[in-house]
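Take a look at the structure set out below.
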Amino acid sequence: MENIYLPKIAVVKDIFEETYDTKTFRLSLKNKEEQTKFSFKSGQFLEVGVIGVGEAPIGLSSNPNEKEYFEITVRRVGSVTNALHKLSAGDEMCVRGPYGNGFPLNEVKGKNILIVGGGIGLPPLRSLFEPMFDARKEFKDILILYGARTPADLVYKDKLKKWEGMKDLRMLISVDVGDKSWKGNVGVVTTLFPKTKIHIENTVSFVCGPPIMIKFVILELLKMGFSEENIISTLERYMKCGVGKCGHCAIGHKYICTDGPVFSYKQIKSFPEKE
Amino acid sequence: MDTIGTICPFCGCGSGTYLRVNDDEVVGAYPILKHPVNRGKLCVRGWWSNQCLKSTSRLKSPMIRKGESLKEVEWDEALDFCSSKLLEIRKSSGGHSLGVIGSPALTNEDAFVLMKFARTILKTNTVDGSYRFSSSATLSLLNQSLGIWTNGIASFENLEKANAVIVIGGNIFQEFPDVIGARILEARDNGAKIILIDPLRDKPQRFVNIHLKPRPPALISLINAMSNLLIQNGLSRFEAGKEFIKKIKSFAIEFPGIPTSSIEEATKIYAQSNNSIIVYCSDELTDPNLIRSLINLAILSGHINGPEQGLIPISRSPNLQGACDMGLVPDLLSGYQDIDKEETKAPFEKHWGVKLPLDKGLTIHEALDPDQKVKGLLIAGDNLLGKLPSPELIKSLKEMDFIAVFDGFLTDTCNLAHVVFPISPPGECDGTFTNLEGRVQSLGKIGDSKIGKPLWSIISKLSDKMKHPLKYTSDQAIFEEIKALTPLYSQVSLNEKAGMFLPRRKSKPKMFVVDETPINEPPKEFPFSLIVKNTLSSWGRNTLVKASPILKREYLEERTEAKVNPSDSKSLGLRPGDKIKITSKDGEVIASVGLDNSVVEGTVVFHSHFVDSISSLLGKGKVDPQTKGIYYKDTFVRVGKA
Amino acid sequence: MEIGQKLVIKKNKLDTWVERLMKIGDVVAPVKENDEFFFKPIQDIKNYTMNHEIPYIPPKDLIFPQSENLFEYSRDSKGIQIKPLFAGKKQIVLGIRSCDVEAAAYVDHFFRDTFEDPYYFNRRKNTIFISLGCNKAFENCFCICCDAGPFDPKGYDLQMIDLGDQYLTEIGSREGAEVISKDQDLFSVAKDEDLKKAEEIKKKARDTFKEPIAYMSYAIRKITTDRVPKEIWDELGERCVDCGGCTFVCPLCTCFTVEDIATNQNGGRRFRCWDSCNYSGFTREVSGHNPRGDKGERFKRRFFHKLSYQYIEKYLRHQCVGCGRCITACPAGVDMPSVVKRLRG
């Protein structure tokens, strides 16, 4: 049987500095055969480890259709992520996975898609909408709303311009606090809602970001008439094994690492513990 | 998997645990089912402090300071260097310029050999332990009032049968749950009344019957007021002297915030129950006058006449009692025998073949006084730097000419040392601990340390190099010598399964006249009480906590310096992230502050490891001539936005 | 030899059989040391006993040890090297009680769910359980309240019942049949009177339990429908001292944590050790936020895992077998029977 606790070695191909505390690592498994067999679904995560320090669950943020490499976007918070930030191109790190249930990409074909991301919540959403662009005809209207605290906190700055300019995609960006050069919307991401047409019929919404932002966005969506099954979000907990055994990420009778981290709002409501 | 029976090395309860070993690696710990002390239970530290044995912070080799940093060297080089330095200082400045500081975490054998080395080879009586700043008040005062190992110290078995328990000082239910807390809860379930005197808790636990929360400087007055009540209401069962009664009358019973009826009820319950016990943490109550007041209360109530009643002073260190029993104090030999008296000194001089030094021994804070011109210190078994309560003492330690450190782990004190020796931590050494019931228990070991050696064996090697060999080969041989010279331990047999009690004598208690001004409420200009709190991550065995992954996760270091109650912060106009200014009559400090619902209104809790700030507020420590300890009186402060 | 077959072995032949078993692998049997019983591999036929009380260390420790190494790592010029560490030899556990066997069946199910745990099954596939039914209850037992004993637990390879001068031996699995197949000379087919005696013993055993200690179904209903007042969880959580003892002595608790230890600059190992959901650090996130910081919440969560229908549905039984170890281990009197009693009001 496969040893679920044994990590694979991944080599850092490239590093992109997103903000002062966030970096995107482009990785590829050291063993070429493993890399060709490696595949993941949107919204899944890896247990990324620095040997000798520990592991942290980090969402995959690149397009699953890309076979040469995969990317993770890491914010520096604790000992593991700080150790990751000290790596350079060519260094090695350990990965286990992919784990988690992932976004229901196939189930939402033929529907309108509303994606609302906040701050560091955009990376896992990117693994959702980039494959949608590859199969654009299978989805109807796609609207992406992205908010961050300040212009410096926006991630994927180089890609945002490209996405804003795409023909069959609507994308609006907002920051809580602007700066001298910021010409766009100022306000929390919910202030973008009245500024554009949001489909409600036959629409599924995906929300990712800091817990407090998710809470307010979902309240707005419910007010607008979205049903609870059509609001999809992610839950976060402290994780250790990532395979539903150690018990740390359990909420109610579900494990966030195997039954989640993606849940519909209807499921989230049914859990006995609210954050 | 092998199971090795031993004693938990974390606190002074002395719980029996099995160390579980697989292929030379320690795998975990498990409670001994039928051990009379813990009866099959352990607290989280008991379950996981064994993880320290595989920690990377263990010292890997002897080290000598070369330039700015410590370099790993062979044993011989370190021993040669240390012995030659000690001989040089002894020759040029005399033995009294050397000092030896042990710790309450050393085994009895280690403590005894350390004490002997100091007095016979270093020729100094400056022998002390790192408990000087906390628990020395308890030991010294109990000894002087009740005599040591007398009926005044309750046994755990008696605690189970108590009818009334006063719990004071420290968070007993959280810090000693498996031995003390469990028994108090059992007594409670059988109808006993629990009286909690805790200024840190806003709301008592549901199983507490009466909760009194005096502001800390008023705590001593409260205890004395209770004694006053006992005498006034004729509940006292002991004849108190006239001078005592005159003084006690000055303690009034009105305290704002505490209903007088609660104090009366608590006093009545304590006095009239058949079996009443006072439980307190000796590391937490450091003010000698508070201990004096508690002892007086116990004596007055008469609850020290029956067998094993009275007081339970709990320690956060595994061998506080034993280290003092072995003479790690400046003026006493092992068994509390006076070093100044001929009749007690003679057997030691005869057995050891040397004359004992005549110079007066110094305590730690005296040794760190630059005027005393102490040039060299041996520090064994503890992170002394973490225990020093004032910046002056810390500066003094850093400027010491020669420091030799003996420890199992790399601590901050090691970084000040000129030579460092790795010793075997409990789990890899034999020896005995004496718990706070007076039970002498043998440790078990999973095997000899790969790097470290038992402390007594390193001291023996040093003594060889100093041409005065002590010639010890085993813990048993040392214990035989302890038995021969210490009447207190002469009847102890180590073949008993769960250790053996030191013999108890009936006591003729002496009461103290407490020289204290009654304080019932804060003065107008300083309306807040300052409480210095030993956070769970910094108390006692901090080294072990940091070295065990699970304990490190459970006991996080406090990063904010102070905490206040949210309603106080609102009335002060504070917001999260603001800094507060705390002013006492001795000084002023600006500190980072956090909000905590469990902090009592009108108090500000300051975390103990921020030594600089605390000593600015508390001023110079006072030295108590009877206990020879240095302590800091609680004080009232003014709090405002910075 | 088939599953379901019932045989008998005379007590005076037991030692001979055990000696033969010692040639196949480690025989882990009850050994008395220091006035209590442990399951240890025996070296000498004289060391073990079949008159034992339930051992304080649960047999889950033989397959899921308190601490075990997962792999060794090292870093050299070629990069990171990882070497998994598997351990475990064939072990025959003799004399394990019904409650512990029932617990082992649950733990097997748990470690197989979604992903199979290789370290657990490496040991499990080499382990055989020969259980001994309990003719009388011990001090703290309440397995009859938990549908876990005193006889016929799920998942035994062989079950032995003490009939007086011989043991009735029932084959429960293929591995059990295999173990016994070479020793047919020591066993004989059980006669009708033997089976009748066994039934009598089973009935009498139920009478040796004290008054029902725990009304589990009431507690299960209340917890499943979340109808226990918060006040009660707060009261119980206040008494709880977060020692983790109940988790470690429980034969069904399986939570663990994983840590890395560096043994030198370029190498070290990763190990896992038991953990308890009672600890405040169990769910604390790196940012400092703790979704279960309140002790009452943690206490409620643990009992939700133990007794709720949501979990029963997943694992086909509730997570208590009535072994009574938590009663000894708890310093605060909030063990399973006490809590169930408190929930009744």
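The relative contact order of chain A comes to 17 percent, based on Cα pairs under 8 Å that sit 6 or more residues apart. Averaging over all projection directions, the Cα-based convex hull of the protein assembly as shown occupies 53.3 nm² in the image plane.
Inter-part distance, region A:162-195 to region B:1-73, computed on C-alpha centroids, equals 58 Å. To the nearest 10, the accessible area of C:Val286 is 100 Å² with a 1.4 Å probe.
Bridges between two residues of the protein assembly as shown, per DSSP, are antiparallel at a rate of about 60%. Counting, for every residue in A:203-216, the Cβ atoms of other protein chains within 10 Å of its Cβ and taking the mean gives 0. Mean partner shielding of peptide C:261-268, defined as the number of other chain Cβ atoms within 10 Å of each residue Cβ, is 3.
The H on the amide N of C:Arg97, modeled in the peptide plane, is under 5 Å from the matching H of C:Leu132, each at least 5 residues off or on a different chain. The magnitude of the dipole of the protein assembly as shown, with charges of +1 and -1 set on the Cβ of Lys/Arg and Asp/Glu and taken from the Cα centre, is near 1560 debye.
Amide H contacts of C:Leu70 (H built 1.01 Å from N, in plane; Pro and chain starts excluded): C:Arg270, C:Phe271, C:Arg272 sit under 5 Å, all sequence-distant by 5 or more or on other chains. Phi-derived couplings, Karplus 6.51 cos²θ - 1.76 cosθ + 1.60 at θ = phi - 60°, listed residue by residue for region C:123-128: 7, 5, 6, 9, 10, 10 Hz, with x used for Gly and Pro.
To the nearest whole percent, what portion of all C-alpha pairs in region B:23-76 is separated by more than 18 angstrom? Here the long-distance tail beyond 18 Å is 57 percent of all Cα pairs in region B:23-76. Put simply, the C-alpha atoms of region C:87-154 give a gyration tensor, and the ellipsoid matching it has half-axes of 25, 15, 8 Å, longest first. Only helices enter this figure: runs of n ≥ 4 DSSP H residues, each worth -39500 (n - 2.57), summed and divided by the residues of the protein assembly as shown, yield -8000 deg cm²/dmol at 222 nm to the nearest 500. Based on alpha carbons, the Rg and Dmax found for region B:1-148 are 20.0, 56 Å.
Here region B:467-608 has an Rg and Dmax of 25.0, 69 Å, counting Cα atoms alone. A viscosity of 1.306 mPa s and a temperature of 10 °C, combined with the Kirkwood radius over C-alpha pairs in the Stokes-Einstein formula, give region C:279-339 a diffusion coefficient of 120 µm²/s. Rounded to two decimals, the Cα radius of gyration of region A:83-160 over 2.2 N^0.38 Å is 1.35.
Note on chain A: antiparallel DSSP beta bridges, both residues inside, total approximately 60 percent of the bridges counted. In the elastic network of chain C, a GNM with C-alpha springs shorter than 10 Å, the most mobile of C:Glu238, C:Glu200, C:Glu297 is C:Glu200.
Computed from backbone phi, the HN-Hα couplings of region B:234-251 come to x, 8, 7, 10, 9, 6, 8, x, 5, 4, 5, 5, 4, 5, 5, 5, 6, 8 Hz, rounded to whole numbers (Karplus: 6.51 cos²θ - 1.76 cosθ + 1.60, θ = phi - 60°; Gly and Pro given as x). Hydrodynamic estimate: the Kirkwood radius of region B:2-54 over Cα pairs, inserted into Stokes-Einstein at 4 °C and 1.567 mPa s, corresponds to D of 119 µm²/s. The A and C chains share an interface that buries close to 3600 Å² of accessible area, total over both sides, probe 1.4 Å. Here's the picture: charge each Lys and Arg Cβ at +1 and each Asp and Glu Cβ at -1 in region B:1-41, and of B:Cys11, B:Val27, B:Asn38 the one pushed furthest to the positive end of that dipole is B:Asn38. Using only alpha carbons, chain C has a radius of gyration to Kirkwood radius ratio (Rg to Rh) of 1.00.
Could you tell me the distance between the Cα centroids of region B:579-642 and region B:86-139, to the nearest Å? Rounded to whole Å, the Cα centres lie 31 Å apart. Note: relative contact order over region B:2-54, using C-alpha pairs below 8 Å and six or more positions apart, is 30 percent. Computed over region B:544-605, the percent of Cα pairs more than 14 Å apart is 62.
Values of log10 I(q)/I(0) for region B:136-314 across q = 0.09, 0.14, 0.18 Å⁻¹ run -0.27, -0.69, -1.23, by the Debye formula with one identical scatterer at each alpha carbon and no solvent. Considering the options C:Ser77, C:Gln5, C:Val27, tell which one lies farthest towards the positive end of the dipole of region C:1-99, charges being +1 on Lys and Arg and -1 on Asp and Glu at the Cβ, about the Cα centre. Going by the charge dipole, the pick is C:Gln5. Using Cα pairs closer than 8 Å and at least 6 residues apart in sequence, work out the relative contact order for region C:146-276, in percent. Worked out over region C:146-276, it gives 14 percent. Both radii come from the Cα set of region C:148-196: Rg as radius of gyration, Rh as Kirkwood radius; their ratio Rg/Rh reads 0.97. Which of these, C:Ile180, C:Ile82, C:Ile201, has the largest mean-square fluctuation under a Gaussian network model of chain C (Cα springs below 10 Å)? It is C:Ile82.
The value for region B:528-641 of Rg(Cα) / (2.2 N^0.38 Å) is 1.16. Taken over chain A, the percentage of Cα pairs per 5 Å bin, counting from 0 up to the bin with the maximum distance, is 1, 5, 12, 17, 19, 17, 14, 9, 4, 1, 0, 0. Our summary of shape: the Cα atoms of chain B have principal axis extents of 67, 55, 53 Å, ordered from largest down, in whole angstrom.
Size descriptors for region B:332-454: radius of gyration and Dmax over Cα atoms are 17.5, 46 Å. When all alpha-carbon pairs of region B:164-262 are counted, what percent fall beyond 22 Å? Roughly 39 percent, rounded to a whole number.
Restricting the calculation to Cα atoms, region A:40-117 shows an Rg/Rh of 1.03 when the hydrodynamic-style radius is the Kirkwood one.
Suppose we keep just the DSSP beta bridges with both residues in region B:136-314; what percent of those would be antiparallel, to 5? Counting DSSP beta bridges with both partners in region B:136-314, the antiparallel share is about 5 percent. A protection proxy built from the mean count of other Cβ atoms within 10 Å ranks the segments B:214-224, B:435-445, B:587-597, A:200-210, most packed first, as B:214-224, B:435-445, A:200-210, B:587-597. Scoring B:570-578, B:388-396, A:38-46, B:326-334 by mean Cβ neighbours within 10 Å over their residues and listing the highest first yields B:326-334, A:38-46, B:388-396, B:570-578. Packing-based ranking of C:136-149, B:309-322, A:230-243 yields B:309-322, A:230-243, C:136-149, ordered from highest to lowest mean Cβ neighbour count within 10 Å.
Using only Cα coordinates, the Kirkwood hydrodynamic radius of region C:15-111 works out to 15.7 Å. Using a simple spin-label model with pseudo-atoms 7 Å out from Cα toward Cβ, C:Glu193 and A:Glu229 lie 6.7 nm apart. Between region B:293-365 and region B:197-253, the alpha-carbon centres lie 28 Å apart. Residues in region C:183-195 carry Karplus couplings, in order, of 10, 5, 5, 8, 10, 10, 5, 6, 8, 4, 5, 5, 5 Hz; the curve used is 6.51 cos²θ - 1.76 cosθ + 1.60 with θ = phi - 60°, and Gly or Pro positions show x. Annotation: region B:205-280 has a Kirkwood hydrodynamic radius of 13.3 angstrom, from the mean reciprocal C-alpha pair distance. For A:Thr19, nonlocal amide neighbours, meaning residues 5 or more places apart or on other chains whose placed amide H falls under 5 Å from its own, do not occur.
For B:Pro422, the shell of other residues with beta-carbons less than 9 Å away shows a net charge of +2, using +1 for Lys and Arg and -1 for Asp and Glu. Note on A:91-101: average number of Cβ atoms from other chains within 10 Å of each residue's Cβ is 1. For region B:528-641, the Cβ-based charge dipole about the Cα centre amounts to some 140 debye (Lys, Arg positive; Asp, Glu negative; other atoms uncharged).
The values are calculated or read from the model by the stated rules, or taken from the named source; none is laboratory data. What you see is a predicted model, and the numbers here were worked out from it, not measured in a lab. Backbone-built Cβ (ideal geometry, glycine too); neighbour counts: all protein chains shown. Note: accessible area is taken over every heavy atom of the protein model, side chains too, but ligands, DNA and RNA are not part of it. Shrake-Rupley method; radii C 1.70, N 1.55, O 1.52, S 1.80 Å.
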